[in-house]
1. Using alpha carbon centroids, what distance separates segment B:1-31 and segment A:128-164, in Å?
2. Within segment A:87-116, list the residues whose amide N lies under 20 Å from a label point set 7 Å along Cα→Cβ of A:SER56.
3. What does the net charge come to around B:LEU33 if you take all other residues with beta carbon closer than 13 Å to its beta carbon, with K and R at +1 and D and E at -1?
4. Please build a GNM for chain B, connecting alpha carbons under 10 Å apart, and tell me which residue among B:TYR115, B:TYR100, B:TYR74 fluctuates the most.
5. Which angle from 0 to 90°, rounded to the nearest 10, does the C-alpha axis of helix A:271-283 make with the longest principal axis of chain A?
6. Rounded to the nearest 500, what is the 222 nm mean residue ellipticity of chain A from helices alone, with -39500 (n - 2.57) per DSSP H run of 4+ residues and division by all residues?
7. Express in whole angstrom the spacing between the alpha-carbon centres of segment B:41-95 and segment A:220-267.
8. By how many degrees, between 0 and 90 and to the nearest 10, does the Cα long axis of helix A:204-226 differ from the longest principal axis of chain A?
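Bear in mind that the values in this text are calculations on the coordinates, not laboratory data. A quick note: this is a predicted structure, and the numbers were derived from the prediction, not measured. Counting neighbours? That spans all protein chains shown, and the Cβs are built from the backbone with ideal geometry, glycine included.
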Amino acid sequence: MIDNIIISIIAIVGAPIIGGLLFGIDRRITARLQNRFGPPILQPFYDVFKLFGKESIAVNQTQMLYVLAHLFFAIAALLMLVLKQDLLMLMFILAFSQIALIMGAMSVRSPYSKIGAQREIMQMLAYEPVLILMAFGVYKITGSFMIQGVLDYPTPLLYSLPLIFFAFVFILTIKLRKSPFDFSTSHHGHQELIKGITTEFSGTQLALLELTDWYDLIILLGLLTLFFAQPLWVGILIALACYLLEMVIDNISARVTWPLMVKATWVIGAGTALVNIIWLYVRA
Amino acid sequence: MGIINTSRTKSPWIIHVNCTACNGCDIEVVAALTPLFDVERFGIVNVGNPKHADVMVVTGSVNPKTARVLKNIYDQMPEPKLVLAIGACGGTGGIFAECYNVLGGVDKVIPVDAYVPGCPPRPEAIIDGAVAALGLFEAKAKAMKEKNAVKAAETAKV
């Protein structure tokens, strides 16, 4: 019990630090890929501290509640991951976190915010089936939805779930809001939606959204690690390699339209994941 | 200097407003964002949303039509905020100062913290002006705190 509390505290404090550093490295590598010098590695921390010091101009009173729900559900999902709880429940809590953000963006009158929120819904529509199929695949292999079961399983899950791993890397681009699927909140350079889903969040609220992004990154890399859980350090290295791959994809691809994203994710992502599960049944 | 004040000078997000400029200054502002000058190494990011911005970069003189727009965008930015007037037109109205439809420089409508002269100024000058203006953030933040304290005292009285 005491162990669990200590692990939880380390996760809650450590995840944003590692996540922020990874985002800093991401910005630096992106700059180098574009032949620029790039910001300091600590730049995401400067951004967040600055945002905490800004004047608060909330558009309505419920907005802050949605932002906090977005953050707390993300922290809850992270705790479920580090305490080796139910994988299916973790997916649902992650979805709740995302829905809180969508409701926050929908609660204001700005059309840019609403279009961003609608695009976010389309993104969820695209990647949720893959997440559910992944949880199902893990259940089919290990016989339980518990993450503990994955860690106890003698061989890495990758040997049985290679296509689901591929599908998960595919949706990682959507979850991290990277190009070619970065249209719910566009990058700073692309301003056709102002800032999409975060348009009406400012100051402290935007800082909390950034913080949630760092937690999300750690959760996603943690889920990637599960595929190679024996030994754990190999899994962590593979997860970091996948993140590097995402950075490269981000820089070499142009944005697609949302119908193409939904089609591609359902055909390539959910399709390959389904093939993997069918293969599991055929093999058995 | 606290950690928040340090962060303010290290992460100024700019919003670029074109107020009837001839686009000469705008091209130089955008040139500062290119890989050659790369202002992102100072943490400067060009945002499109006044609610996320810290520094407003205004080019061109102000006329009665754009004055309203400029004031509106300025009011949407959360404190503490800085305004940078770029070019001869942004500073004084430049060669258009005497025109019947021109009010003058940006400071006729909103308070300006730094002026970057030139027609157009070089990207180095713009970066220099932005970095010089960042020193004003601390005083601005103090003023904001005092204003909030006065406001809180007034609401408490009511």
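1. 48 Å
2. Residues passing the 20 Å test: A:100-109.
3. -2
4. B:TYR100
5. Tilt of helix A:271-283: around 20 degrees.
6. -23500 deg cm²/dmol
7. 39 Å
8. Approximately 20 degrees, to the nearest ten.
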